[in-house]
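Notes follow once the structure below has been shown.
The values are calculated or read from the model by the stated rules, or taken from the named source; none is laboratory data. Because the structure is predicted, anything quoted here is derived from the model rather than measured. Heads up, the Cβs are rebuilt from the backbone with ideal geometry, glycines too, and the neighbour counts pull from every protein chain shown.
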Amino acid sequence: MTEWHFYEPAAGHRLPHDPLNAIVAPRPIGWISTMSAAGKRNLAPYSFFNVLNYAPPLIAFSSMGWKDSVANAKETGEFVWNLATRPLAEAMNATSAGTDDDEFTLSGLDAAPSRLVAPPRVAASPVSFECRLTQLIRLETKEGRALDQWLVIGEAVGIHIDQGLLDDGIYQTARARPITRGGGPADYFEITEDALFRMRRPG
C-alpha cells in the first residue's frame, strides 16, 4: 500500500530540499541573450522556460526577480534563446554567476550577430531563436498578491538551425545533445538517442 508524503506548500514541504523543481523535471533551459538600449550584452540561463505555441512560435521564460534579462527585454523588446548543449554546459553554467560583467566574455563564449534583432546569439549554440517581446507579466498568488516573478513571452521571428541536425528536413533532437535542468542545486540531464521511444497519437 502506498504511503504518501502530503504537504500544503503554504505550510512548508518538511523535506531537506523543496521537491517541486525535481518533480517537474527535467525542464528545458532558457539560455537568454539580451542587450540593453545602451548596447551592453547579457547572457543568462533560466530553468523556468518552454515553448507555448506553434504559429506564431511563442516561447517564454520566467525570472525570479527583476534581472537584466527582463529589464533588457522590456527596454528593447528583443531577446534571443540559445539551445544549451552538453559541450556548452560548463560555459552556460558560468553565465549564471549574476555579475555585472559581460557574460559572453566571462564564459569565453563567442557571440554571433542576429539577423532581425540586436541581441547577439551564442555562436557555438546549434539552434537560436531571435525573439520579439509580446508580453511581460508579473505573476500573482491565488489571492492576487504580486510576486517578484516575471514571465517574459516572445515571438520567434527568426530561427537558426545547424543543418547538421537535419535529416531529410527532420530535426534530430538528440543529435544536438541538449541538456535539461533537474532538481536540487546541481542536477542536469543530457538528452541522448538511447532515451528515445516513439508513440503516435491515436486516431
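Worth a mention:
- Residues in the stretch 102-111 that are of a type outside the set (Val, Ile, Thr) and free of Cβ contacts under 8 Å to residues at least 24 places away in the same chain were compared, and the one that is farthest from residue 39 (Cα to Cα) is 108.
- Number of positions in the stretch 146-203 that are touching a residue at least 40 places away in the same chain (Cβ under 8 Å) and hydrophobic (A, V, I, L, M, F, W, C): 10
- The selection criterion, being farther than 25 Å from residue 174 by Cα and surrounded by 17 or more Cβ atoms within 10 Å (Cβ to Cβ), does not hold for residue 27.
- The one condition from (1) part of a strand (DSSP E or B); (2) exposed (fewer than 14 other Cβ atoms within 10 Å of the Cβ) that residue 203 does not meet is (1).
- Here residue 89 meets the list (1) assigned to a loop (DSSP other than H, G, I, E, B); (2) closer than 24 Å to residue 190 by Cα almost entirely, failing just condition (1).
- Filtered residues of the stretch 88-101 (kept if within 21 Å of residue 38 (Cβ to Cβ) and surrounded by 14 or more Cβ atoms within 10 Å (Cβ to Cβ)): 95
- One residue alone among 124, 111, 73 is under 28 Å from residue 187 (Cβ atoms), of a type in the set (A, V, I, L, M) and in contact with a Phe, Trp or Tyr (Cβ under 6 Å, 6 or more places away or on another chain), and that residue is 73.
- Considering 22, 11, 89, the condition of being farther than 24 Å from residue 155 by Cα and without any contact (Cβ under 8 Å) to a residue 12 or more places away in the chain is satisfied by 11 alone.
- Subset of the stretch 112-131 that is in contact (Cβ under 8 Å) with a residue 40 or more places away in the chain and surrounded by fewer than 17 Cβ atoms within 10 Å (Cβ to Cβ) - its residue that is farthest from residue 64 (Cα to Cα): 115
- So residue 35, is it modelled with pLDDT of 95 or more and under 24 Å from residue 187 (Cβ atoms): no
- Filter result for the condition that a residue is surrounded by fewer than 19 Cβ atoms within 10 Å (Cβ to Cβ) and within 25 Å of residue 25 (Cα to Cα), over 105, 141, 134: 141
- Any hit, the stretch 50-65, residues being hydrophobic (A, V, I, L, M, F, W, C), modelled with pLDDT of 95 or more, surrounded by fewer than 16 Cβ atoms within 10 Å (Cβ to Cβ) and part of a loop (DSSP other than H, G, I, E, B): yes
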